[in-house]
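Participant: Pasting a structure here, questions to come.
The values are calculated or read from the model by the stated rules, or taken from the named source; none is laboratory data. Keep in mind the model is a prediction, meaning the values are calculated, not measured. Don't worry about glycine lacking a Cβ; one is built from the backbone with ideal geometry, like all the others, and counts go over all protein chains shown. Note: areas computed on protein heavy atoms with side chains; ligands, DNA, RNA excluded. Shrake-Rupley method; radii C 1.70, N 1.55, O 1.52, S 1.80 Å.
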Amino acid sequence: MKTLVEKIKAEWEVFVTNADAQVEKGNKAAGTRARKAALELSKLLKEFRKVSVEAAK
């Protein structure tokens, strides 16, 4: 589970960096990267929930 949390943290950093670039500088390519990172975060968070529920049993 620790590696999963590390992946989530890394993907979050990618998202924040690109989202900031889109909002502050109007960088359209950064917006695309931010959306891609958000989709990947969604997948990782669903996986985290699944693993966490299993660990709690």
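Participant: Kindly provide the set of residues from segment 14-31 that are surrounded by fewer than 15 Cβ atoms within 10 Å (Cβ to Cβ) and within 30 Å of residue 2 (Cβ to Cβ), ordered by number.
Facilitator: Residues satisfying the conditions are 16, 17, 20.
Participant: Taking only pairs six or more apart or across chains, which ones have beta-carbon atoms under 7 Å, a first residue in segment 37-52 that is on the phi > 0 side of the Ramachandran plot and open to solvent by 50 Å² or more (accessible area, probe 1.4 Å), and a second residue that is part of a helix (DSSP H, G or I) and of a type in the set (A, V, I, L, M, F, W, C)?
Facilitator: Going by the 7 Å Cβ cut-off, there are no qualifying pairs.
Participant: May I pose another question? Against the condition at pLDDT 95 or above, in contact with a helix residue (DSSP H, G or I) (Cβ under 7 Å, 6 or more places away or on another chain) and surrounded by 10 or more Cβ atoms within 10 Å (Cβ to Cβ), how does residue 7 come out, does it pass?
Facilitator: It is true that residue 7 is at pLDDT 95 or above, in contact with a helix residue (DSSP H, G or I) (Cβ under 7 Å, 6 or more places away or on another chain) and surrounded by 10 or more Cβ atoms within 10 Å (Cβ to Cβ).
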